[in-house]
1. Output the peptides 222-233, 35-46, 404-415 sorted from most to least packed, where packing is the average of other Cβ atoms within 10 Å over each peptide's residues.
2. Take the cross-link list LYS499/LYS532; LYS388/LYS613; LYS632/LYS661; LYS442/LYS471; LYS2/LYS227 and give me the ones stretching past 22 Å between alpha-carbons.
3. Taking the alpha-carbon set of segment 36-159, what are its Rg and Dmax in Å?
4. Please report the carbon-and-sulfur percent of the accessible area for the chain; probe 1.4 Å, protein heavy atoms only, DNA, RNA and ligands left out.
5. Along each of the three principal axes of the Cα atoms of segment 375-507, give the extent in whole Å, ordering the values from largest to smallest.
6. Under 8 Å for C-alpha pairs, at least 6 residues apart: give me the relative contact order for segment 596-657, rounded to a whole percent.
7. Once R0 is set to 25 Å, what does the formula 1/(1 + (r/R0)^6) return for the Cβ-Cβ distance between ALA439 and ALA376, expressed as a FRET efficiency to the nearest 0.05?
8. Count charges around ALA376 for me, please; just the other residues with Cβ under 10 Å from its Cβ, Lys/Arg as +1, Asp/Glu as -1.
Amino acid sequence: MKKHFLKYTILGLACILSPKIEAQNKTEKTDELSIYRAVPLKTHDLIHTKLEVSFDYGKRYLYGKEWITLKPHFYESDSLKLDAKGMDFKEIAIIDGKKSIPLQYKYNNEELSIALNRKYKSTEKYTIYINYTAKPEELKSKEGESIVDSKGLYFINPDGKADKPTQIWTQGETEASSCWFPTIDKPNQKTTSEIAMTVESKYTTLSNGKLTSQKVNKDGTRTDIWKMEQPNAPYLFMMAVGDFKIYKDSYNGKEVSYYLEPKYAPYAKQLFGKTPDMINFYSKMLGVEYPWAKYSQIVVTDFFGGAMENTSATVHGGYVQKTARELLDNNEESTVAHELFHQWFGDLVTAESWSNLTMNESFATFGEVLWHGHDAGQDAEDRSRYEKLQNYLRSQKNGNSEILARFHYRKADDMFDNISYSKGSIILYALKNQMGDEAFFKSLKQYLTINAYKSGEPHQLRLAMEDVTGKDWLPYFDQWYFNAGSPILDVSYRYANGKIIITINQSQDSAVQTFTLPLKVDFYVNGNKIRKDILISKRQQSFSFDLPSKPEFIDLDPDKILVGEVNIDKKTAADYLFQYKNVPSYYNRIEAIKFASKDKSQESQLILLEALKDSQEDLRVLSIKAIDLNEKQTKDQVLKTLLDIAKKDPKTIARANAIIKLASTEDASYKNLMEESTKEQSYNVIAAGIIGLTKYAPAEADKALNSLDDDTKKHVTPLMKRFSSQNKY
């Protein structure tokens, strides 16, 4: 799942809660954290799930018939417990040949306890028939509040009255599939499936696996049957119903399809067209072919989870769906790559518990990084990786952060954080760097092959890596997967008598572990680069190397694989200028620009001037915002470059920021640029043009805004607010 990490603050909450209640809540949270979250016990194994479902839009009900085939996992058993939330049951029976034997059961609105007709051994399969009604809209939490995002099945505008499409869709992660069909709703269960959906004939359906038949019924409905012949986890089951247009693509003879609202159907190829290339890249890189019968992507209305990697059928939120004009400004390619990589890591092999979510989300985030490198080069890969590092660093304090594979948490949703996603992804990247690409990807192939259609956890990955490389990787996994935090390195250099001495202190909080870090150091001496290896393993260490002369620059961790922070003592603007021009990895360039943004020296202005021409638009934007237009020595050159960016830059976000920057001069010669910008196709550029025009002729700016059509104005107005808040010129 690709989630948007948002923090919500309820103002005044501290004033509402009494000290007694606050203390009680803290105690409850502490108690919850003390619970060891064990891998779900397997009493029975799911084998096959057959469903026949229809929908009551008025009542927001699902009417279901289920045939669920199971067997005891090891010990013989005469009882079965199924997860089933908020359902009514008409009949529960066991199928014995052609006979149907009614069974006794108990139900507490969350769990269905069934007494079987006899004891079954682990070698015996049996099939339970359940006739039920699911009522997701009526689900209540234990506290009596409506469950907002765990209903499993969602009716969108079922009455057709609102200004939005009428749709039905499901969302199973973490354990909400049991809101629409009884199952063992745990990630370490796998089952094949057959889902027959009866819907109004005007609607399109999507589910896991292949569409094997469509039958037109006499009452104006149609029954579509979707079959999934390979086992997958219950939380990865999905259904979607609505007015969707299908664009069909292909990969290696398999259907690749994109389901969109009719308005967005013409842009299907622009939105998702790289998908076959992504599948090919991931299949070859992993040495494991795309494992499912087809791959579909569907965009639904009011989806709250970002996107969800249901097996063979990913659901995207509406933010992915864009027109050609919107795509001029940005796309959601990272999300498309993330969800696709899940088809191997998460779907083919599934985290055996939510404590081991890293085996799903860290890998999918890692997959994003690799795709950007393949598609757009090393610089794009490094940019993506840098963004993940910054995401993680915002989630730690003094090196303190959560454990990656953590077995104590309050609720499963807490696992979906910047630790499981961002930190886990760059831990994998660092491991790839240490191990070497060939060994790393051979290890992933072995992990996927051995555990295919089953569940996995970090130790299984470790064992695959040890088998491939012959090396003990437990210290790495113990440090990064099963212990918390990250290092903060305070670094100083001293050169004397032909020796360079590097002193490194691990200054993270004393409660955080001391890290063992194999790193490289590059010394730039007399126009040459000399590389050395160091092994940091103590809180304070010094390393000494012979060098022919004092280095012009020292690049610690040149591959930038450190999952942590580096603070270098007495680093000057001249050092950063050398770094930007002569050691130009993405990490080095952005760090130089960030320094220059806060520094007014001539060297810093030269960094920003160079960065106006950087290959990455985000670095151009940083420089546009920071550069000083009053600096006499560079002003003319800066203005010329800014004008060129404003008119010709291939990225509209860079054009927009350059337009706003030029407007800040209030030079009358730029007024025409502002006027022309308001007539562009890009929403970014139009918004910037109107903001800029306000500097010259506020009335004309208002007129330009009011003359926009409703759709353009809807996009431009929030962009104007955003640009205005981000650019304080």
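The values are calculated or read from the model by the stated rules, or taken from the named source; none is laboratory data. Computed from a prediction, not measured in an experiment: that's the story for all the values here. Neighbour counts are summed over all protein chains in view; Cβ atoms, including those assigned to glycine, are modelled from backbone coordinates with ideal geometry. Note: areas computed on protein heavy atoms with side chains; ligands, DNA, RNA excluded. Shrake-Rupley method; radii C 1.70, N 1.55, O 1.52, S 1.80 Å.
1. Details: 222-233: 20.3, 35-46: 15.0, 404-415: 17.7.
Top of the packing list down: 222-233, 404-415, 35-46.
2. Numbers: LYS499/LYS532 13 Å; LYS388/LYS613 24 Å; LYS632/LYS661 17 Å; LYS442/LYS471 14 Å; LYS2/LYS227 26 Å.
In this structure, LYS388/LYS613; LYS2/LYS227 exceed 22 Å between Cα atoms.
3. In Å, with Rg to one decimal and Dmax whole: 16.1, 49.
4. Working: 15840 of 32530 Å².
Carbon and sulfur atoms account for 49 percent of the accessible area of the chain.
5. For segment 375-507, the Cα extents along the three principal axes come out at 60, 38, 34 Å.
6. Details: 59 pairs, mean separation 18.2, N = 62.
It rounds to 29 percent for segment 596-657.
7. Details: r = 26 Å, r/R0 = 1.03.
FRET efficiency, ALA439 to ALA376: 0.45.
8. On the way: positive: ARG383; negative: GLU333, ASP375, ASP379, GLU381.
Combined, the nearby Lys, Arg, Asp and Glu give -3.
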